[in-house]
Amino acid sequence: MEKDSIKYYSTNRKAPEVSFGEALLKGLAPDGGLYVPDIIPSLGKEDIESLFSLDYPHVAYRILNSFLSGEIESKKLLELCLDAYNFDIPVEKIFDRTYILRLDQGPTLSFKDFAARMMARLMSYYISIENRHFTILTATSGDTGSAVANAFYGIKNIDVIVLFPAKEITGYQRKQMTTLNKNIKAVAINGKFDDCQRLVKKAFLDVSLSECCLTSANSINIGRLLPQSVYYFYSWSRIAANTDDSVIFSVPSGNYGNLMGGILARNMGLPVKKFIISANENDEVPKYLQSGIYNIIDPSINCISSAMNVGHPSNMARIIALYGGMMNREGEITESPDFSNMIRDFAGFSITDEETRKTIAAFYKNYGRIIEPHGAVAWRGMEMFREKAGASETDSTIYISLETAHPSKFRDEIVKILGISPDIPVQLSRIENIEENFTELENDYSELSNFILKQKK
Ligand SMILES: *Cc1c(COP(=O)(O)O)cnc(C)c1O
């Protein structure tokens, strides 16, 4: 490969730098750190201007190619982008220059589709070069598992085994995994999500399974981060009048992978004035931005924006690294980042469940549209930012609030708040009557290891 391709270092700085392909297939660095690109490519004004007239797959290609040229042949990368992004990405005007970016139209109706679909194709590409076979083993509390299962569905040389707690997920969530078949094996564990996670961790450490080439597809993988920088460029380029037209994003955050994508975009040259970090009651990051003191929340607080119930976001180590500091796995900051730059770039807000429900109700009343809990946290964070900033920020800046899931995924909550049901999109109605196929296992490791060995072809 070309010698100038970008290398990836570990946030713990005790592992060698690796190529993108290695970082992608490894997931976690051997020292337990997360991979971060050592150089963030910067796009020139003309490159950025050229995005204005491109559709999503071509914007994705331009952005990803700036990271991956020298790693993947351009023609191949464009093919992967065209194949991954074949659904709508609406940028909806709410008022003036304030917009909602709807990342909820993918096959599993959450923004996780953006990352999972690209990662699946990139992994398949690298695996086919080496002519290997991998099995992705993952545990899910609902949304990640369905995005990953759908993304890897029908992908050559990769099987997926997804463990879910038998009684803790909704019927729709289960059906999104159990109606696929082919290379996707869904396993109901007679236990809780924590039990599923414990079983998966044990399997990764089990040498008797080494021939099965198990790998993970969770949010720490760098392959999920790069694709998440694309929609920041894309949404801005639908609205901006020119390359100096600056933007403020509100990002509903849990593990902060979504925000990391935004930070990459900013460092590449996107004129982002500020990121509003919108958290639910798990407010460790907004508190940190206020006080400079980072305290993890353990156990995390259960909120209705359930995908953001994270008390120690894994991507914080990456964010701290990009600001010149170091954070270990326990969440201790062992080297201070440039805190004044952080508070220049970020404004953090914590939104309670009560405020989230009120926001869903007010949004429907004011704008006649239904948003779901995660998007409502982002919208409310943006309102709080504007209230706090007063007139100075009510200038001509573009505001984009991210809607990360489709309201139909939270139908019961929405009905409780609004008294009406959101439309059920075809992605859900289509699977309503398809026969389900899954294996039931006890919460017992030997049952799981036997199952994994039996899958080996
Ligand atoms: C995962 C998820 C989030 C949080 O994203 P992070 O990258 O973990 O910060 C927000 N909303 C929805 C619907 C999600 O599924």
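Coordinate-derived values only; no laboratory data. Model, not experiment: these values are computed from the prediction. Note that we place each Cβ from the backbone using ideal geometry, even for glycine, and neighbour counts take in every protein chain shown.
Rounded, prolate or oblate for segment 33-168? Axes are the square roots of the Cα gyration tensor eigenvalues, ordered a ≥ b ≥ c, and the cut-off for rounded is a/c under 1.5.
oblate
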Rg and Dmax of segment 343-436, Cα atoms only, in Å: 16.1, 56
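Per residue and in Å³, how big is the convex hull formed by the alpha-carbon atoms of segment 17-98?
Numbers: hull volume 13.0 nm³, N = 82.
Convex hull of Cα atoms, per residue: 159 Å³.
Between Thr352 and Ser210, what length comes free when the chain is fully extended (0.36 nm per residue of separation minus the Cα-Cα distance, one decimal in nm)?
Values: separation 142, 0.36 × 142 = 51.12 nm, distance 4.45 nm.
Between Thr352 and Ser210, full extension yields 46.7 nm more.
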First check a/c for segment 131-217, with a ≥ b ≥ c the square roots of the eigenvalues of its C-alpha gyration tensor; if it is under 1.5, answer rounded, and if not, answer prolate when a/b is larger than b/c or oblate otherwise. oblate
Write down the Kirkwood hydrodynamic radius of segment 224-381, to one decimal in angstroms, obtained as one divided by the mean of 1/r over all alpha carbon pairs. 16.2 Å
Separation of alpha-carbon centers, segment 264-323 and segment 54-108, rounded to whole Å: 24 Å
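How much length is gained on full extension from Asn267 to Asp83, taking 0.36 nm per residue of separation minus their Cα-Cα distance?
Details: separation 184, 0.36 × 184 = 66.24 nm, distance 2.70 nm.
Additional length available on full extension: 63.5 nm.
Extension gain Ile424-Ser291, at 0.36 nm per residue separation less the Cα-Cα distance, in nm? Spell out each step's value before the answer.
Details: separation 133, 0.36 × 133 = 47.88 nm, distance 4.30 nm.
Value of the extension gain: 43.6 nm.
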One would report the antiparallel percent of DSSP beta bridges in the chain, rounded to the nearest 5, as 25 percent
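Give me His406, His58, His133 sorted ascending by neighbouring Cβ count inside 10 Å, so fewest comes first. Write out the running numbers ahead of the final one.
Details: His406 26, His58 17, His133 14.
Ranked by crowding around the Cβ, least crowded first: His133, His58, His406.
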Pseudo-spin-label distance Ile301 to Ile129, built 7 Å along Cα→Cβ, given in nm, is 4.6 nm
What distance in nm separates the simple spin-label points at Asn190 and Lys45, each placed 7 Å from Cα in the Cβ direction? 6.8 nm
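Sorted from fewest to most neighbouring beta carbons within 10 Å, what does the list Val230, Val207 look like? Don't skip to the answer; put the middle values down first.
Details: Val230 27, Val207 6.
Ordered by Cβ neighbours within 10 Å, fewest first: Val207, Val230.
What number, rounded to the nearest 500 deg cm²/dmol, is the helix-based mean residue ellipticity at 222 nm of the chain, given -39500 (n - 2.57) per DSSP H run of at least four residues and division by all its residues?
Numbers: 19 runs with 190 residues, N = 457.
After summing the helix terms and dividing by the residues of the chain, the value is -12000 deg cm²/dmol.
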Tell me which lysines have Cα within less than 19 Å of Lys76's Cα, excluding those fewer than 8 residues away on the same chain? Lys156
Hey, rough spin-label estimate for Ser19 and Glu447, points 7 angstrom out along Cα→Cβ, what's it come to in nanometres? 4.3 nm
Alpha-carbon centroids, segment 381-457 and segment 189-205: separation in whole Å: 22 Å
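Loop only by DSSP, 16 or fewer other Cβ within 10 Å of the Cβ. Give me the trypsin sites (Lys or Arg not before Pro) in segment 290-347 that pass, ordered by residue number.
Numbers: sites: Arg318, Arg329, Arg344; in loops: Arg329.
Here the trypsin sites (Lys or Arg not before Pro) that fit, given the DSSP loop and packing criteria, are Arg329.
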Nearby lysines by direct alpha-carbon distance to Lys409 (threshold 18 angstrom, same-chain neighbours under 8 apart not counted): Lys112, Lys167, Lys175
Inter-part gap, Cα centre of segment 1-46 to Cα centre of segment 157-177, in whole angstrom, is 31 Å
Using Cα positions and a limit of under 14 Å, work out the aspartates and glutamates in reach of Lys192, with same-chain residues fewer than 8 apart set aside. Glu168, Glu440, Glu442, Asp444
